[in-house]
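Here's the structure, in C-alpha cells; my notes come after.
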Amino acid sequence: MDYFAHNTAVIDDGCVIGEGTKIWHFSHIMPNCTLGKKCNLGQNVVISPEVVLGDNVKVQNNVSIYTGVICEDDVFLGPSMVFTNVTNPRSAVIRKNEYARTTVKKGATIGANATIICGHDIGEFAFVGAGSVVTKKVPAYALVVGNPARQLGWMSEYGHRLVFDSSGIAICLESKEEYRLENQIVVKIKK
C-alpha cells in the first residue's frame, strides 16, 4: 500500500488509490473509485462509486462526492460542501440512470457549505465562496458567491482577486503573474 488509510476508513473493492494519498477517520471509499496521487480526504468523507479525483485533490471533513462527479487535479473542496447528482430526487422513484455529470476543473476551489447543483461544471481556477449555491456553469477564474451564486469578479491561480486595468490586464498580488480579460474570458499571460 503506497497510500495511508486510517483504521476506521472503509475502502471497497475495485478502487484505485494513488501514491501518497491520505484517507482519514470514518471515511468510506465506495467501489470502483479512482483517487489520484497525494490526495487528502478528511474525516467522514464519502466517495460514491465511480467517482474520479485527480492528483492533489483536498477534500475537507464531512464532504460526500456522489456518482457523476469528476474533480481534476489540485481541486479544493471545503468542509461540508455538497454535490448533488439528480435534479429532481424522490425517495420512492429510482433515478440511478439519470445521474447528471459535474466536472470540477483543475485548481478550482469550492468553499465551506457550498452546494453544487448537478450538471453545472466549475471552470479552471474558479472560486466558489462559502455557502454559495451554484445553479449554472462557473467560468474559468470566476469568483461566485451567494444563493443563487452570482459572479462578483475574477481570481488568480493563487486565489487572489484580480483587478483589471483599462487595457484588460491584471496582476496577481502574490505570484505577480499577469492575466488578460477579453470578452468575459480570463487567460493567464505566459511569459
Check your understanding: What pairs can you find where one residue is in region 91-111 and within 14 Å of TYR66 (Cβ to Cβ) and in contact (Cβ under 8 Å) with a residue 24 or more places away in the chain, the other is assigned to a loop (DSSP other than H, G, I, E, B) and polar (S, T, N, Q), and their Cβ atoms are less than 7 Å apart, with a gap of 6+ or different chains?
Key -> TYR99/THR67; TYR99/ASN85; ALA100/ASN85; ALA100/THR87
Point to revise | Hits in region 28-74 (condition: hydroxyl-bearing (Ser, Thr, Tyr) and in a strand (DSSP E or B)) | key: THR34, SER64
Practice item. Please indicate, with yes or no, whether at least one residue in region 80-93 is under 10 Å from the mean Cα position of the chain (by Cα), assigned to a loop (DSSP other than H, G, I, E, B) and not aliphatic (A, V, I, L, M). Key: no
Check your understanding: Do we have any residue at all in region 34-43 that's under 20 Å from VAL104 (Cβ atoms) and touching a Cys at 6+ places or on another chain (Cβ under 6 Å)?
Key -> no
Point to revise | Among the candidates VAL51, VAL86, residue that is touching a residue at least 12 places away in the same chain (Cβ under 8 Å) and touching a strand residue (DSSP E or B) at 6+ places or on another chain (Cβ under 6 Å) | key: VAL51
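Assess whether LEU173 counts as being among the aliphatic types (A, V, I, L, M), touching a His at 6+ places or on another chain (Cβ under 8 Å) and either touching a residue at least 12 places away in the same chain (Cβ under 8 Å) or in a loop (DSSP other than H, G, I, E, B) (or both).
Criteria met by LEU173.
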Exercise for review: Quick one: count up the residues across region 73-114 that are crowded, with 20+ Cβ neighbours inside 10 Å and of a type in the set (D, E, K, R).
Suggested key: 2
Check your understanding: For region 121-131, does any single residue satisfy the condition of being exposed (fewer than 14 other Cβ atoms within 10 Å of the Cβ), outside any loop (DSSP other than H, G, I, E, B) and touching a Leu at 6+ places or on another chain (Cβ under 9 Å)?
Key -> no
Practice item. Tell me which residues, restricted to region 107-120, are among the hydrophobic types (A, V, I, L, M, F, W, C), assigned to a strand (DSSP E or B) and within 15 Å of GLY54 (Cβ to Cβ). Key: ILE110
Check your understanding: Which residues, counting only those in region 94-106, are outside any loop (DSSP other than H, G, I, E, B) and over 11 Å from the mean Cα position of the chain (by Cα)?
Key -> LYS96, ASN97, GLU98
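We did not get these values from a lab; they are worked out from the coordinates using the rules stated. The structure presented is a predicted model; accordingly, all values stated were derived computationally and were not measured. Please note: Cβ atoms are built from the backbone with ideal geometry, for glycine as well, and neighbour counts cover all protein chains shown.
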